[in-house]
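Below: one structure, written as structure tokens.
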Amino acid sequence: MASQPNQALPGGYQLLNYRIEKQISAGGFSLVYLAHDENGLPVAIKEYLPSALVLREEGAMVQATSAENLNVFRYGMKCFFDEGLALAKISHPNVVRVTNFFRANETVYMVMQYERGRTLQDYILHRKNEIKENFIRRIFAELLGGLREVHAHKVLHLDIKPSNIYIRLDGSPLLLDFGAARQTLTQEKSSLNPMYTPGFAAPEQYGHDREALGPWTDIYGVGASMFACLSGFAPQAANLRMEEDKQESTKKLWRDQYSDHLLELIDWCLKLDSLERPQSVFVVQKALMARNRVPEVQKKTSLLNSLRNKFNKTGER
């Protein structure tokens, strides 16, 4: 189904009590704007606008491109609204905060807290082959704390990748742009092109069995994102891996640069068989955090022993 060139809402447009400043990102499923509320505070507003189904050439109103597309569009709008409702119940420092959602212009809008920083994808591009293990462990251990909260609310992200992981100015990570509504829409309506990111989507996301999806699906995306931190690019796409798996073990590729423990963890998360992956985020988070503390303990112990030896030698003179 061919995509249509949708126009964004113009700067200065008044959307309920929000004033649109500019478009800040676009995808095949939605547009995201920077806006300000009635108090002048910045917010990010996500507009449900699947380019394969609707067209906006002028003005603000959204129109389906056919009667068939109208039904699919409305079904997707319900999925998007339900996702916003679920996310609004989640309050965690590492998950984007949804503050409002509403209908207007024949579509749905999700209002989120605006954050300053840059994506992990940008970070990777500027520091290719220079990302330290401690950074990877810290960022993903914190991020997984937020993902645990998401899963506790019976929500899956289904689009974890470096461009959906935001690094705030204080260095803390934030999980953005959930893809569950997109996944549901394309699974239920097979006439739509799949909306997932090759390399970061798990093998089960290529099928039409929603029962196959679970926390292990998001864990694949986490593993692929950690892999991208090492390599600067995504792993081989899962559908291609299922035909002929050319994905080399991270332990083989980067053994001299990172600990075996981290590399084995990434390979575990990237298993093609979902049953062979970690089954809960807690398992992955615990591995990252526990291992991360070991070097610090060893450093302190080594320093203490060094001081003791120095003191003993001085006392022997």
Inset, instruction - Neighbouring Cβ atoms within 10 Å as the yardstick, rank M77, M61, M226 fewest first. - result: M61, M77, M226
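Can you tally the net charge around D170? Count Lys and Arg as +1, Asp and Glu as -1, for every other residue whose Cβ sits under 13 Å from the Cβ of D170. Write down the numbers at each step before the final one.
On the way: positive: R116, R118, R138, R168; negative: E115, E142.
For residues surrounding D170, the net value is +2.
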Legend entry - Anchor K251: aspartates and glutamates whose Cα lies under 18 Å away (excluding residues fewer than 8 positions away in-chain): E130, E133, D260, E264, D267, E276
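Grab the other residues whose beta carbon is less than 15 angstrom from that of N39, score K and R as +1, D and E as -1, and report the net.
On the way: positive: R19; negative: E21, D37, E38.
With Lys, Arg at +1 and Asp, Glu at -1, the net is -2.
Looking at region 18-113 only, what percent of DSSP beta bridges run antiparallel? Nearest 5 please.
Working: 26 of 26 bridges.
Of the beta bridges lying entirely in region 18-113, close to 100 percent run antiparallel.
Exposure proxy check: S172, S91 ranked by fewest other beta carbons within 10 Å? Present the calculation step by step, with values, prior to reporting the outcome.
Working: S172 17, S91 9.
In increasing order of surrounding Cβ atoms, one gets S91, S172.
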Legend entry - Shape category assigned to region 18-113 from the gyration tensor of Cα positions, a/c cut at 1.5: oblate
Legend entry - Cα-based shape type of region 117-296, given that a ≥ b ≥ c are square roots of the gyration tensor eigenvalues and the cut on a/c is 1.5: prolate
Legend entry - Taking L41, L272, L176 and counting other C-beta atoms within 10 Å, the order from fewest to most: L41, L272, L176
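When a/c is below 1.5 the answer is rounded, else prolate if a/b is larger than b/c, else oblate, so apply that to region 232-289 with a ≥ b ≥ c taken from the square roots of the Cα gyration tensor eigenvalues. Intermediate values should be presented prior to the final figure.
Working: a/c = 2.34, a/b = 1.18, b/c = 1.99.
Cα axes put region 232-289 in the oblate bin.
Which chymotrypsin sites (Phe, Trp or Tyr not before Pro) in region 221-285 sit in a loop by DSSP (not H, G, I, E or B) and have at most 13 other Cβ atoms within 10 Å of their own Cβ? Could the numbers behind the result be given before it?
Numbers: sites: F227, F233, W254, Y258, W268, F282; in loops: F233, W254, Y258.
Within region 221-285, the qualifying chymotrypsin sites (Phe, Trp or Tyr not before Pro) (loop, at most 13 other Cβ atoms within 10 Å) are F233.
Below 8 Å between Cα atoms, with a sequence gap of 6+, how large is the relative contact order for region 1-149 in percent? Mind showing how you got there, number by number?
Numbers: 224 pairs, mean separation 26.6, N = 149.
Relative contact order here is 18 percent.
Any read-out appearing in this document is the output of simple, stated calculations on the displayed coordinates, not a laboratory observation. This is a predicted model, so every value here is computed, not measured. Glycine also receives a Cβ, built like all others from the backbone with ideal geometry; neighbour counts cover every protein chain displayed.
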